[in-house]
Every structure is written in structure tokens, then in C-alpha cells.
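Here is the structure we will look at.
The values are calculated or read from the model by the stated rules, or taken from the named source; none is laboratory data. Since we're looking at a predicted model, the values are computed, not measured. Virtual Cβ from ideal backbone geometry, glycine too; neighbours counted across all protein chains shown.
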């Protein structure tokens, strides 16, 4: 008997019923090849990689999928340009390769090319900085070519005139505008949606994905699991245990030393910048490699970020931006805007903690973003560091390490060719005729959009919020959401703006309750 046999075998559907069935099966047969602790992008990536290699896999997450850092990113799929500028050539190329994998094979339905516009404005760039930016963008083109990402997917760098710059970012300051430099990078419609798609695809390949399950007494060969909903516990033995808990890694494996850094974003209405279709890219004063971005987002928002600040002390469930960070972001982006933004324009803000490996002194901005796979004295295998773009490579390295150290009976990794649920090429994806579903739903679900729409109505959940009632129901019946918070904060991103969440909450709670009962 394997723990993933039964009525859900081979399906991508995550639900409360599946959770109950698979917990019972795990209690009956508490032995697996690989147990993953942590349901962020790295953890679900490890689960998919291992399950696709034929291993018996269980993933446990104490809270919900994408509860931690994975939902607090800039939603950028970086090509590694920043790391190239600081001489980290290996990290830069790895990022470019993994960006190409996401955009062409793994999740092209969730990632789009995003123009990044650096306005040529008097006083914004220091003498010679425009030439440095142009050289950097050209180097980024070279990275793209070396990663074999087609120009049709990511157009090459170019200079545009002032009129075109204002078309891309209507809110840019026009006085003295001499055009702009434009390069392209990848942008996720939503980072949490990527995590959910990975988890569902892992489940399709046989992984057991359990949220609201705490891992205690973790060793390299066993873990005590506690169901937070019932209080019941069981001990599971495993051929290998992978710690993929990000900034909480040191709590699972005390031998790990991290130096978290906080990245903060604020949210404004897209209308405040004229509904931009490009990311306004503004140099940070005094730096040659740091920028603040005003990034178009779903739900009619623009995210402005981000910071890089030391965040010592206990790790909070939800990090909070500081007043100084919000002021820094507004001051920096206002240098390039025709109409300055004020605190009154801020609709919401969020902060995430990067799980950086502690290398001693210096600024967190200077710490390498290269990931590491480490074996603790207890035998736990921890994967830490890195960034969202390179989750797949991090997962591959972690599973390779587990296979090598523990002799697990695994096939070679093939996730670079494996489409996620909703992606073109996934067995369950269905073409959607133009106008067949709301465009926003299609952007979030790709080839699964028709299935989503069948779960409920196409009416918006609340006035001015382009999330449909069907998406709320589908989050419960197919995506493992167990309460309204899961839906508001992670399956959709309505919760990023408190006023939006307040308007939608009653309707969301009603649909969630009905879907769980049905």
C-alpha cells in the first residue's frame, strides 16, 4: 500500500476531504521515502521534484501554502541582472536559465514579459549612470541569449522616445524627459498562485500535501506530525527529511544560522500612475545597482518596492513594514513622477523576509542570494537561501542530495520539462475561446480557467474587485483552502488591501462555508 493510493490518485484536486483521507492513509502506513517540511515555493518544488522521480512523498505545512516569504515577493521572475552587476555571474546565469524554464515550459500561463522603463530625466541619473544602465541591459540581453530564451518571449533592450515612455508609464515626469531605456524581465501574475500550482501538480504525481500539520521532533529519519485541526499526532519515518521552511529553518534545524532581511512594498491604485503597463524603474540615490520599482499588479494596483533591511530577532508570522521604509519608497519613486504620491495614496503595504545565510558583517544587500543545501548533525537536509525564480533548481539540488546521501530509489530530475496545472501542455489544460471567461480569471488560471468557471458564477465577489465567485469556490474544492483567510490572503490577493478584504469577506465566508459542507 502507498499513502497516495485511493480516490485522489493522479488528480490535482486538493480539498479538505482529500486531506482527511490522506492523513488516515498516512496513519495506517507511516513510512515514506521523503518528508518535506514547509509549504512555500521551495518546499512544494521539492515535493514535485521528488514525486515526479517516483518517490513516495509527504509535504507538511504548519499553516497554509505560501504562508511565508513566498507570497510577499515583487512577483518578478528575475533574469539575474542585479547579480551580474555585482560580479555574481553564476547566480545571474542560473536565474536567467530558470526564468526561461518558467516562461517557456513550466508556467508560461502565470508569467508574462514585463517592460522595465528607466526614464532619462535630468537629476534622476548621475553623470554616466545612463551608460551604465544601458550596458547592464545589454548584458541582460546576453544572459537571455545564453539561457536560450527566445527574443519573442523576452524582447531585447531598446531606447524609446518621450512619447512612447509616457504611453508605457503615463505618470512619469514629462518635464525634461529625453526618452527612456526599456528592457524586459518576467513577472508573475501572483507568487502565491505559483505555489498552489506546484502543490497541485505534486499531488498529481502522488505527493501527499498536508496543510495545518506541524512538524515536531524533526530528525533525519523521523518526524512527529501534529494535526492542528484535531490535535491528533503520529510519528512518520522517512528515508530522508528536507527542511524547506525558509526564514524558520533554524527553528527546525538549530545548526542553521540565518540573517533575514526585510523587503517592503507599498500598494497604490494603478490610476495614480495612469495605469502603467511597464515597471517604472528609479535609481536609489547613492547606489549604482539598486532601484525602486513601480510594478503593475492584478486587481488594479501598482506595487512600489523594495527595501533591503536587516531584520534581527524572532521571526513574525507576518512581517510589518516600517514607517521609514514607506517614506523611503515614496521619496524615491516620486523623483520620477509628474504628480507626487503621498501617504494618502497608499492603499496597503506588505513586507517579506529573505532567508539569507549568515556570512558575518556587511549589509544584507551584499549577501549572496545563492542557495545552499546543508546536512545537519541530526541528518536533516536543509535547503535555504536562493530566491523565488530559482526554486526549481533549489528543489533539484535538495532532492539530488537526499538521493545521494540516503540512497533513495529515484529517477533523474525532469522538472525543467514538466508543465504545471494550468500551463499549456498539462494534460488537464483546455483551450479557452476569446471572451469565454473573464480575462483576469484566465490570467490567474490559464488552461484550468474553464474548470474554475464551472465551480460557480462569473460575477465579481464584490464591486470593483475582479475576482469571481467561481474562483472562491474553486479555491476550496480544488486548491486546498480551508477557511476564508486562505482564500482572501493566498488563493486570491484581495487581502492585500484591508478595505477590499472588508468588502469581500462576508461573501467569501458564505461561499467557503457552503463549499466545505458540499
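Yes or no, residue by residue, for (1) at pLDDT 95 or above; (2) closer than 21 Å to residue 198 by Cβ:
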position	(1), (2)
331	yes, no
351	yes, no
410	yes, yes
419	yes, yes
431	no, no
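Residues considered: 473, 504, 499. Of these, the only one that is out of contact with any strand residue (DSSP E or B) (no Cβ under 9 Å at 6 or more places or on another chain), outside the structural domain of residue 265 (by TED's automatic domain parsing), outside any loop (DSSP other than H, G, I, E, B) and touching a residue at least 24 places away in the same chain (Cβ under 8 Å) is 473.
Checking the conditions here, which among 21, 37, 32 is without any contact (Cβ under 8 Å) to a residue 24 or more places away in the chain, closer than 22 Å to residue 232 by Cβ and assigned by TED's automatic domain parsing to the domain that holds residue 391?
Every option except 21 fails the conditions.
Here is a yes/no grid of residues against (1) within 24 Å of residue 381 (Cβ to Cβ); (2) touching a helix residue (DSSP H, G or I) at 6+ places or on another chain (Cβ under 7 Å); (3) part of a strand (DSSP E or B):
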position: 166; (1), (2), (3): no, no, no
position: 174; (1), (2), (3): no, yes, no
position: 197; (1), (2), (3): no, no, no
position: 203; (1), (2), (3): yes, no, no
position: 206; (1), (2), (3): yes, yes, no
position: 209; (1), (2), (3): yes, yes, yes
position: 220; (1), (2), (3): yes, no, no
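Residues in the range 78-120 that are touching a helix residue (DSSP H, G or I) at 6+ places or on another chain (Cβ under 7 Å) and assigned to a strand (DSSP E or B) were compared, and the one that is surrounded by the fewest Cβ atoms within 10 Å (Cβ to Cβ) is 115.
Among the residues making up the range 237-275, those that are surrounded by fewer than 22 Cβ atoms within 10 Å (Cβ to Cβ), modelled with pLDDT of 95 or more and part of a loop (DSSP other than H, G, I, E, B) are 274, 275. When the range 121-139 is limited to residues that are part of a helix (DSSP H, G or I) and out of contact with any strand residue (DSSP E or B) (no Cβ under 8 Å at 6 or more places or on another chain), the one that is surrounded by the most Cβ atoms within 10 Å (Cβ to Cβ) turns out to be 136. Within the range 242-256, can you find the residues that are within 18 Å of the chain's Cα centre (by Cα) and farther than 19 Å from residue 34 by Cβ? Listed by number, the residues that qualify are 247, 248.
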